[in-house]
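Q: Take this structure first; my questions come after.
What follows draws every value from the coordinates through simple rules; no lab data is involved. Because the structure is predicted, anything quoted here is derived from the model rather than measured. Neighbour counts are summed over all protein chains in view; Cβ atoms, including those assigned to glycine, are modelled from backbone coordinates with ideal geometry.
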Amino acid sequence: MSFVITSIDWILNQARANSLWPLTFATSCCGIEMMHTVASDNDIARFGSEVFRGSPRQADLLICAGTITHKMAPVLLRLYEQMAEPKYVIAMGACTCGGGMFCDNSYSVIRGIDKIIPVDVYLPQCPPKPEALIDAVRKLQKKIVKNESILKRKEFLNSHYTKLHEYGEILTEVLQ
């Protein structure tokens, strides 16, 4: 029976990995590099991610590009919760991954979006080149094909849930 489930997981993972639909979420300069990735020079369409979605209900990949402030955190959490399962996250840019140049001098910047949502691939450059974003998408595709199963995905989310639960309660209070 495990052979059949493994085969089904492999087929589903191939389909998921080669048809990632990213959600547009750019708050600063990394967003320009993300837009450049879709342009004809780099053409992310070769990797199955050509159409950036405007609605979280149509997306399964959140590419978070740019600085995340405490005021923007509830919006990011709401968008992530509205995405369909399985959902994946790429943290693009030094500001997204760890606060960047604002981490010491600004009280309003969140020092890493992994405090809000679980992250699958980190891309900590300032700003990352389009080729680096394409490489991050390829790494995520390989991770999906190689390691992804329904049970492993639930374990990954549950391991992050305890860390995020405390911060999530604060955010849900802000949302109400």
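Q: How big is the dipole moment of the range 102-151 about its Cα centre under a simple scheme where the beta carbon of each Lys and Arg is +1, that of each Asp and Glu is -1, and everything else is neutral? Debye, nearest 20, please.
A: Details: 8 positive and 6 negative charges, 34 e Å.
Value, rounded to 20: 160 debye.
Q: Next up: First check a/c for the range 79-158, with a ≥ b ≥ c the square roots of the eigenvalues of its C-alpha gyration tensor; if it is under 1.5, answer rounded, and if not, answer prolate when a/b is larger than b/c or oblate otherwise. Write down the numbers at each step before the final one.
A: On the way: a/c = 2.67, a/b = 1.46, b/c = 1.82.
Oblate, since a/c reaches 1.5 and b/c is not below a/b.
Q: At a Förster radius of 30 Å, what calculated FRET efficiency corresponds to the Cβ-Cβ distance of R53 and N147, to the nearest 0.05?
A: 0.75
Q: DSSP loop (so not H, G, I, E, B), at most 10 other Cβ within 10 Å: list which trypsin sites (Lys or Arg not before Pro) in the range 21-79 pass both filters.
A: K71
Q: Ranking M35, M83, M92, M72 by Cβ neighbours within 10 Å, fewest first, what do you get?
A: Details: M35 14, M83 22, M92 30, M72 17.
With the fewest neighbours first, M35, M83, M92, M72 line up as M35, M72, M83, M92.
Q: Dipole magnitude of the range 34-128 about its Cα centre, charges +1 at Lys/Arg Cβ and -1 at Asp/Glu Cβ only, in debye to the nearest 20?
A: 300
Q: Follow-up question, since we're still on this one. Let me know the Kirkwood hydrodynamic radius for the range 64-114, please, with Cα pairs as the basis and the value in Å to one decimal. Let's see the in-between values first.
A: Details: mean 1/r = 0.0888 Å⁻¹.
This gives a value of 11.3 Å.
Q: Roughly how many Å is it from the Cα centre of the range 15-68 to that of the range 117-138, as a whole number?
A: Here the two parts' Cα centres lie 11 Å apart.
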